[in-house]
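Worksheet: the structure to be examined is printed underneath.
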Amino acid sequence: QVQLVESGGGLVQPGGSLRLSCAASGILFRMYTMYWYRQTPGKERELVATITSGGITNYPDSAKGRFSISRDNAKKTGNLQMNSLKPEDTAVYYCRLTWGSRNYWGQGTQVTVSS
């Protein structure tokens, strides 16, 4: 049974940092591309970071320079380090893994940036 479990969300002040984690089980993790998305009510899910099975990373302009995605294939985990957080970063953050036709999502973790 495949499971993706996100953790690390919470309340943080503007300018602060959070580190999200996504722990996978039941899959050949090293073969998958990992993504982090975020979603706010009434909006489409937005991609904020990608890391391929080979470790190549990519970010949209909204995350570039502030977010950093990483993975540990031995531990079957991926992380999203978020720095210089802004109120507009408030959202539910989801991890996603894909490999060919295989596509899995986590349940999401809430990040709230507020003073």
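The values are calculated or read from the model by the stated rules, or taken from the named source; none is laboratory data. Please read these numbers as outputs of a predicted model, since none were measured by experiment. So basically every Cβ, Gly included, is an ideal-geometry build from the backbone, and we count neighbours across all protein chains shown. Note: areas computed on protein heavy atoms with side chains; ligands, DNA, RNA excluded. Shrake-Rupley method; radii C 1.70, N 1.55, O 1.52, S 1.80 Å.
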Exercise. Do we have Gly55 as at positive phi and either open to solvent by less than 60 Å² (accessible area, probe 1.4 Å) or in a loop (DSSP other than H, G, I, E, B) (or both) here?
Worked result: yes
Exercise. Thr109: among the β-branched types (Val, Ile, Thr), over 16 Å from Ile27 (Cβ atoms), loosely packed, with under 15 Cβ neighbours inside 10 Å and at pLDDT 95 or above, yes or no?
Worked result: no
Problem set entry | Matching option when the condition is part of a strand (DSSP E or B), among the aliphatic types (A, V, I, L, M) and more than 16 Å from Cys95 (Cα to Cα), among Leu11, Leu4 | Leu11
Problem set entry | Search result, residues across the stretch 88-106 that are over 15 Å from Glu6 (Cβ atoms) and open to solvent by less than 80 Å² (accessible area, probe 1.4 Å) | Asp89, Thr90, Thr98, Gly100, Asn103
Problem set entry | Of all residues in the stretch 1-21 being free of Cβ contacts under 8 Å to residues at least 60 places away in the same chain and within 16 Å of the chain's Cα centre (by Cα), the one that is least open to solvent (accessible area, probe 1.4 Å) | Ser21
Exercise. Just checking, which of Ala63, Ala24 is touching a residue at least 40 places away in the same chain (Cβ under 8 Å) and crowded, with 18+ Cβ neighbours inside 10 Å?
Worked result: Ala24
For this session: Quick one: in the stretch 89-102, of everything that is within 15 Å of the chain's Cα centre (by Cα) and either modelled with pLDDT under 95 or not hydroxyl-bearing (Ser, Thr, Tyr) (or both), which residue is farthest from Arg66 (Cα to Cα)?
Result: Leu97
For this session: Look at the stretch 74-87 and say how many of its residues are assigned to a loop (DSSP other than H, G, I, E, B) and surrounded by fewer than 15 Cβ atoms within 10 Å (Cβ to Cβ).
Result: 5
Seminar exercise, completed: When (1) closer than 25 Å to Val2 by Cα; (2) touching a residue at least 40 places away in the same chain (Cβ under 8 Å) are applied to Ala49, the one that fails is (2)
